[in-house]
Amino acid sequence: MEERENREAARRKRQRHRKIMKVLRPILIYGISIAVCAAILVAGVNYALDEFVRPVDVNDATPVTVTIEKGSGASTIAKILYEAGGEGNKGLINNKAAFKIYVDFTGKSSTLKAGTYILSRNMDIAQMVDIICTGNPARKTVNVKIREGMEVEDIADLLVEEGILDSTEEFLSLCKSGEAFSEYSFVNSILQSADKDQRKYALEGYLFPDTYEVYADASAKSVITKMLIRFNEIFSDEYMDRAQELNMTVDQAVTMASMIEREAKTADFDKVSAVFHNRLNSGMKLQSDAPLKYILDAGNTLDYTSDQMAVNSPYNTYNIDGLPIGPICNPSAAAIKAALYPDSDFMGEGYLYFVLKSRTQDANDPDFGKLVFSKSYEDFLKNKEAYKNS
């Protein structure tokens, strides 16, 4: 009897348990579902914040300078911030779309201001937007004119004279190695050459002569960059194709242009180019005095001694075959064009020599800088004798 009662009690207990579980199961399932969804939502929000809104690196306070030009919209600014770290490095934001969505959502897209800003990777999008919306006070600019035929050292001295740079040291160091500008193909080809260390300056020839508007407190690198960009614009695809037609590299074309710049006035550029091309095609040494001035501290002399003409240098065209190892100045657009398009008549007629008509170096002399050309060595000697005292 007692055993039967125990079994009945156990059965009723199980029935009560099933009834309780029947009621609690939906509640538990619902609660667990809510918890799982909440966890997923929190994880998703955190991922979105990490990926799109929060700082790229909360521990990296390294200052990064960005310049936003006038007329730049939210998409352009997002691209600038995203690419601010340079190739292979993190930028200032993780996602361009997130930046644009943020400024549109907050209504700040129309208040973003042009200027130069110092930001860092430990800033979030909101902080950067606030800074860019506040704007920077206008910075003083200076117009600096780089004259045709100036050398790297001349340009460095001029930038110091204009008060843009405090000293020439950093500028000359950057131009010497060129390594900070390897993204430019014409610079990279120099850096890849086996004889790059023999060049006086890797960037000689590529600091294009022009008038530049630069910030009064501009860095040496930013000034050089402006000049390299301008060179890249001048040495167009047409010029690239033309250099290939002549079996010349960009560096060879610029090197010849730099010699033309130093040897003649603009009116004779294409004729001097023809002489240089004819001599190269004939296997003759160029025997130009212009590179000697670049490597020797001989002032403005027009006459060099036999010892000077025999100096051991990869720039000395009295000793080496072909062109100097690199440019000897920064040539003008006219000189570059002349190097690529020599006078066809002079080329065809075989002109190989030229001498100065006037050696007074007086700019008021009507013959100052004019050249007399000849085809034979005998005529060259006659011209040299005829004009040696003029």
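The values are calculated or read from the model by the stated rules, or taken from the named source; none is laboratory data. Bear in mind the structure is a predicted one, so any value in this text is a computation, not a measurement. Methodologically, a virtual Cβ is constructed for each residue, glycine included, from the backbone with ideal geometry; neighbour enumeration extends over all protein chains shown. What goes into the accessible areas is simple: the full protein's heavy atoms, side chains included, and nothing from ligands, DNA or RNA. Shrake-Rupley method; radii C 1.70, N 1.55, O 1.52, S 1.80 Å.
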- Subset of the stretch 369-390 [over 16 Å from V272 (Cβ atoms), at pLDDT below 85 and open to solvent by less than 70 Å² (accessible area, probe 1.4 Å)]: Y387, S390
- Message: Among the numbered criteria (1) more than 20 Å from the chain's Cα centre (by Cα); (2) of a type in the set (A, V, I, L, M); (3) open to solvent by 50 Å² or more (accessible area, probe 1.4 Å); (4) over 20 Å from V372 (Cα atoms), which one does I229 miss?
- Response: (1)
- Query: What do you reckon, is K337 modelled with pLDDT of 95 or more, of a type in the set (D, E, K, R), within 25 Å of V152 (Cβ to Cβ) and open to solvent by 40 Å² or more (accessible area, probe 1.4 Å)?
  - Reply: yes
- Message: So in the stretch 187-208, with the set limited to residues that are open to solvent by 10 Å² or more (accessible area, probe 1.4 Å) and closer than 25 Å to D237 by Cβ, which one is nearest to the chain's Cα centre (by Cα)?
- Response: N188
- Message: For the stretch 293-319, which positions are under 18 Å from I260 (Cα atoms), in a loop (DSSP other than H, G, I, E, B) and open to solvent by less than 40 Å² (accessible area, probe 1.4 Å)?
- Response: Y315, N316, T317
- Task: Assess whether D104 counts as being surrounded by 12 or more Cβ atoms within 10 Å (Cβ to Cβ) and farther than 28 Å from A180 by Cα.
- Result: yes
- Quick one: how many residues across the stretch 281-292 are assigned to a helix (DSSP H, G or I) and crowded, with 19+ Cβ neighbours inside 10 Å? 3
- Message: Restricting to the stretch 128-157, count the residues that are open to solvent by 20 Å² or more (accessible area, probe 1.4 Å) and either assigned to a helix (DSSP H, G or I) or among the polar types (S, T, N, Q) (or both).
- Response: 10
- Query: Is it true that P324 is buried (at least 20 other Cβ atoms within 10 Å of the Cβ), outside any helix (DSSP H, G or I) and at pLDDT 95 or above?
  - Reply: yes
- Task: Can you tell me which residue within the stretch 158-174, out of those that are at pLDDT 95 or above and among the β-branched types (V, I, T), is surrounded by the fewest Cβ atoms within 10 Å (Cβ to Cβ)?
- Result: V160
- Message: Please pick out the residue among I118, I77 that is open to solvent by 60 Å² or more (accessible area, probe 1.4 Å) and touching a strand residue (DSSP E or B) at 6+ places or on another chain (Cβ under 8 Å).
- Response: I118
- Item | Pair list, Cβ < 7 Å and 6+ apart or interchain, from the stretch 116-128 residues that are touching a residue at least 60 places away in the same chain (Cβ under 8 Å) to residues that are of a type in the set (A, V, I, L, M, F, W, C) and open to solvent by 40 Å² or more (accessible area, probe 1.4 Å) | S120/A61; N122/V58; N122/A61; D124/V53; I125/V53
- Query: So is K265 under 31 Å from the mean Cα position of the chain (by Cα) and open to solvent by 60 Å² or more (accessible area, probe 1.4 Å) or not?
  - Reply: yes
- Output the number of residues of the stretch 95-110 satisfying the condition of being farther than 28 Å from K226 by Cα and in a helix (DSSP H, G or I). 11
- Query: From the list L81, L92, which residue is closer than 23 Å to I224 by Cα and modelled with pLDDT of 90 or more?
  - Reply: L81
- Message: Need pairs with beta-carbon distance below 7 Å; first residue in contact (Cβ under 8 Å) with a residue 40 or more places away in the chain and small (G, A, S) and within the stretch 224-252, second outside any helix (DSSP H, G or I) and open to solvent by 70 Å² or more (accessible area, probe 1.4 Å); sequence gap 6+ or separate chains.
- Response: A243/T249
- Query: Are there any pairs, at least 6 apart or on different chains, whose C-beta atoms fall under 7 Å, with the first in the stretch 76-91 and farther than 14 Å from P55 by Cα and touching a residue at least 12 places away in the same chain (Cβ under 8 Å) and the second in a helix (DSSP H, G or I) and charged (D, E, K, R), and if so, which?
  - Reply: A78/K96; A78/K100; K79/K96
